[in-house]
1. So how far apart, in nm, are the two label points at A:Leu402 and A:Arg519 if each is 7 Å from Cα heading toward Cβ?
2. Run the paramagnetic zone check for B:Ala167: 7 angstrom along Cα to Cβ, then residues of segment B:68-95 with backbone nitrogen under 18 Å.
3. Considering the options B:Ile221, B:Ala128, B:Thr94, tell which one lies farthest towards the positive end of the dipole of chain B, charges being +1 on Lys and Arg and -1 on Asp and Glu at the Cβ, about the Cα centre.
4. According to the Cα gyration tensor, what semi-axes, each the square root of 5 times an eigenvalue, does the equivalent ellipsoid of segment A:115-194 have, listed from largest to smallest in whole Å?
5. Rg (Å, one decimal) plus Dmax (Å, integer) for the alpha carbons of segment A:6-252?
6. Determine the calculated [θ] at 222 nm for chain A from helices alone, applying -39500 (n - 2.57) to every DSSP H run no shorter than 4 residues and normalising by the residue count; nearest 500 deg cm²/dmol.
7. Between A:Phe172 and A:Leu89, what FRET efficiency comes out of the Förster formula 1/(1 + (r/R0)^6) with R0 = 35 Å and r the beta carbon distance, rounded to 0.05?
8. If I model a spin label as a point 7 Å beyond the Cα along the Cα-Cβ vector, how far apart are those points for B:Arg13 and B:Glu190 in nm?
Amino acid sequence: MSTLSAGSLLAQLLTGLADASSLFVVAAGLTLIFGVTRIVNFAHGSLYMLGAYIAYSATHAFRGGVGFWGAVVVAALATGLFGAAIERLLLKRLYGAPELLQLMATFGVVLIVRDATLSLWGAEDLLGPRAPGLKGAIEVMGRAIPAYDFFLLALGPVVLLALWLVLARTRFGMLVRAATENRVVAGALGVDERALFTAVFALGATLAGLAGALQLPREPANLGMDLGIIAEAFVVTVVGGLGSIPGAFIAALVIGLTKALCVALGTVAIGSFEIAFPKLTLVAEFVVMAIVLSVRPQGFLGAPPAMAPTTAVPDQRRLIVPPGQRALLGAAIALLLAALLPLISDEYTLVLATDVLVFALFASSLQFLMGTGGMASFGHAAYFGLGAYAAAIAVKAGWPMLGALAASPVIALVGALVFGWFCVRLSGVYLAMLTLAFAQIVWSIVFQWNDVTGGSNGLVGVWPAAALAAKPAYYWFALGCAGLALVALGWLGQSAFGYSLRGTRDSPLRAEAIGIDVRATQWRAFAFAGAFAGFAGGLYAFSKGSIAPETLALPRSVDALVMVLLGGLNALAGPLLGAAAFTWLQDTLARATEYWRAGVGVVILVLAIAFPMGIGGAVHRLLATWRR
Amino acid sequence: MAAISAPVLRVTRLVKAFGGVDAVRDVSFTVDAGELVALIGPNGAGKTTCFNLLNGQMRPDAGTIELSGMRIDGLPARVIARRGVARTFQVAATFASMTVRENVQVALLARAGAQGSIALRAPAAFGAEADALLARVGMIKLGNEGCATLAYGDAKRVELAVAIAAAPRLLLMDEPTAGMSPRSRTRLMEVAASLAKKERIAALFTEHDMDMVFGFADRIIVLDRGQIIADGAPAEIRANAQVRAVYLGEEEPLSTDGTNTSKKMY
């Protein structure tokens, strides 16, 4: 039971507002960049993290003289320069590319920056200095509030005002507004896009660096800052309305206050139920986002989203050709070869091959959703994880293995039905963000529900039945299961339902006009994709023997995206190729270097720039040229 | 069952406003089975808005729409489609990742209520029926072409085949001949006219080419700034002074020879 005093509530509110203020500064940069360049910048969190690390080093370098405040300025400017460099060297090449590819490329930057930071500053958390002049605390209604919090509290409104002045009163601001409103018109008016984009990216990066540097007195610089902040910043920009700075401000306030309220409420008993509100802070923002987006799909101050699926890869509209006899023959030969693998390979390779099978199924389910359905998901790992946990929990409860495995697609299906109901009401980036939000909610629940999920430790001892315990036996089992599931997914794509789904993607207008219920069709597709992902998760749990929250964390969702895009969104065999390539790459790099993430990042960047259609697409094109 | 005598389409005092502008004001008309009716008027007169209200793309602010005596106003587009209203769009809306034949097959699947079936293999469904429809609109040779690469006029033809695949009671065609050569226009309108006559479909179309309008329509409804200013046989419309004033701003009879483009209505 909590005693909710006015003092503690106020203290929480002030802390919440300070958090909101600094979150707004990050989100303002993100939304500014999106508004002008239409790029959803995953690396924005990395810029924030860099800001903190640079400020740490700069503070030490400037000991005495300008000290912390000078370091903040240096960190912000250095991050801004770094952002401009990223834009010039990389993103510039991707402006014409599909959104998902841009997103994947910026995730490549995340991986590279993460490892670069690791090698430059080490893995240890770096405790920053206290801000000179703001070291003390101010007493408010009997509670000590850090003076620094009051500084942060003022920062948000000051940045909002400054941005407003720049946007409203300067020529640069006018160009930014023009480009945000209408790129085509802005281009026609003679706006130099290249210079403008670089400048906007630099400004956004500066804001991220500033926020990161200013976070240093409150939180040690650490390697988890990038993905930690980016999820929150995404939520704020989406809830506020993509491209809207005042919207981001309002959204940051709403989310900050909601979190503060959760903490202040403490654990409340309602009847025999106990709700631990402080534990809800991890999900609070995502719940806010889910509610806001289902009521107002474009966020507080965003422009109504366009009907067309903005995530469409141009090639997606390529004619879909049902697999012919030659393709079926190829698949049969591949299956035969795969079945022979245990006879010639060692256990290590078999484990890896089992991973490939599991991820091929996982990626295929995402491909079905994104390729056939035209719905991009950033949170597909939620269903993979639901399936994995369902199987693990069932086994722990004494279920036989097959029963537990059967539970995995069922539970994932239920999850996908619930989340999908909200998601299919949106499209494009908004839909992707909502899937991300739901995935974060599932992750938070799994992470905190110790009694059932084992919390951060996860569950161990999830072993398959005795007959399947040997690695070759489980490999064959997984091959059979994944093979059948892949055939089923392939069939689904060729079924009347699959064609209707493709129709809803190509032209919702036409689909409705011939009597197809667009939302219901998309909802079913979402549920199917979730169920297949869940089945992959179940297979994964038994292959590993244990399961942890990482199974459904954000990087796992991105892995699936990378596999799909690596293989090619439209090539039927794409996810297979993508899963094989990605798993092999990750394994090879991880064995070769401590900095394997950066290696993966580099590969992602090269692929995004050189092979936007993925391996599958590249092979297709090669074959086409060769036949000619 | 509705009364046999009820017209296929009865629109009564339909109103739709956008912001402060009345796009459709107090519009009432009927279309009977077997009748080919043209809905004409200058740009912005409210023709497409009318279509959007009729097929459920938009909800009317006031007024009623009856299909064979049954109210359909306010129903969602897919439900109205199932009741027997098919339409083509001003900018052809087709499934770009599919072939011409597959577009018609999906429409046939939807008509059979099998659009959600996971047991039915789509590429094998209704192939012959689809080909028959394509032959009717002159697209049989292009059946295996992708819709994304079609010429504009051909895409409009595919749309017509998709629309009639639903075996509609009411067919709405928004500029069906746009992007076609004069000869193709005539041929397409002949198809539309024969559909109306032979299958007793009530057909309503908008068109900028007055040769097509006066050559094929049984009746012409003229809209101006959201209101009906004339509704009658082609000869009556041609003689109507108000129509001429609205269209040309001059007292010149409407030409039907099609040689003078300045007399086409835009």
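1. The modelled label-to-label distance comes out at 4.1 nm.
2. B:68, B:80-87
3. Value computed over the given set: B:Ala128.
4. Equivalent ellipsoid semi-axes, largest first: 40, 24, 9 Å.
5. So, for segment A:6-252, Rg and Dmax equal 18.0, 60 Å respectively.
6. Calculated at 222 nm, the ellipticity per residue is -24000 deg cm²/dmol.
7. 0.95
8. 4.5
A short reminder: the numbers here are calculations on the coordinates, not readings from a lab. Treat the numbers as computed from the prediction; the structure is a model and nothing was measured. Quick reminder, even Gly has a Cβ in these numbers, built from the backbone with ideal geometry, and neighbours come from all protein chains shown.
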